[in-house]
Amino acid sequence: NGSPSMTAQVLETLARLKSMTGITQADRIIEKGMTYLGNVVVEEYKKMKKLEKQGEIPEIYDSHAIQYLYINALLNRKLPLAEKPVKDYLLTYLRKDRQRNIYAKALMAVVLNNDGNKQEAKEYVESIRQYTVSKPEMGRYFDSPRAGYSWFDYRIPTQTAAIEALKAV
């Protein structure tokens, strides 16, 4: 079986590379991966809607939801009909809580900017700017933990995502 998390990690890297360089050699891989990931999120969406009908609150993993939206934003992907309600659902959910790490805020800024929500994207960027630290020996940077739950808690991915968000917005 495939792994949605690993697929999303690979797709994020390929989408970022494609958006920065325009390289198209990986387009077939990206397309297959997005088809798989899209099917996964549609099934998760159906389960969440079913739980809501039963009066339960579905659990959404913010990082997966943001990552899915971010990859689509980077690729400027035209969503298949089945994925459109998923995108709207995830965006509505993610807008409710802004208590995220710098990395996630940066991805959300790119997603919202791409979706035409320029003002909301600017608010995320402003929040990111408030986390900058300036030291004479290191210059200005975005402070983040050395290690956390996952690789995106490390400094280099956080710096990269924050700079990308600042540039995009």
Practice prompt. Could you look through the range 130-151, keep only residues that are surrounded by 10 or more Cβ atoms within 10 Å (Cβ to Cβ) and polar (S, T, N, Q), and pick out the one that is modelled with the highest pLDDT?
Written response: THR132
Worksheet item: Is there a residue being outside any helix (DSSP H, G or I) and surrounded by fewer than 19 Cβ atoms within 10 Å (Cβ to Cβ) anywhere in the range 60-68?
Response: yes
Discussion item. Looking only at the range 92-128, filter to residues that are part of a helix (DSSP H, G or I) and without any contact (Cβ under 8 Å) to a residue 24 or more places away in the chain; which one of those is farthest from LEU69 (Cα to Cα)?
Written reply: GLU126
Fill in: Single residue of LEU112, LEU81, LEU107 found to be among the hydrophobic types (A, V, I, L, M, F, W, C), over 22 Å from SER3 (Cβ atoms) and open to solvent by less than 10 Å² (accessible area, probe 1.4 Å)
LEU112
Worksheet, complete the sentence: Only one of ASN72, ASN76, ASN101 is open to solvent by less than 50 Å² (accessible area, probe 1.4 Å) and under 25 Å from GLY116 (Cα atoms), namely ASN72
Fill in: Selection count where residues are buried (at least 16 other Cβ atoms within 10 Å of the Cβ) and more than 20 Å from GLU164 (Cα to Cα), scope the range 1-35
6
Practice prompt. Just one of (1) within 23 Å of THR160 (Cα to Cα); (2) over 16 Å from the mean Cα position of the chain (by Cα); (3) surrounded by 19 or more Cβ atoms within 10 Å (Cβ to Cβ) trips up GLU44, so point out which.
Written response: (1)
Worksheet item: Out of all the residues in the range 91-102, is one or more hydrophobic (A, V, I, L, M, F, W, C) and more than 27 Å from GLN130 (Cα to Cα)?
Response: no
Worksheet item: Does LYS122 fit the bill of being over 11 Å from the mean Cα position of the chain (by Cα) and exposed (fewer than 14 other Cβ atoms within 10 Å of the Cβ)?
Response: no
Worksheet item: So which residues in the range 47-59 are open to solvent by less than 100 Å² (accessible area, probe 1.4 Å) and assigned to a helix (DSSP H, G or I), if there are any at all?
Response: MET48, LYS49, LEU51, GLU52
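The values are calculated or read from the model by the stated rules, or taken from the named source; none is laboratory data. If you're wondering where the values come from, they're calculated on a predicted model, not measured in any experiment. Cβ sites come from the backbone with ideal geometry, for glycine too, and all protein chains shown count toward neighbours. Side chains included, ligands, DNA and RNA excluded: accessible areas come from the protein's heavy atoms. Shrake-Rupley method; radii C 1.70, N 1.55, O 1.52, S 1.80 Å.
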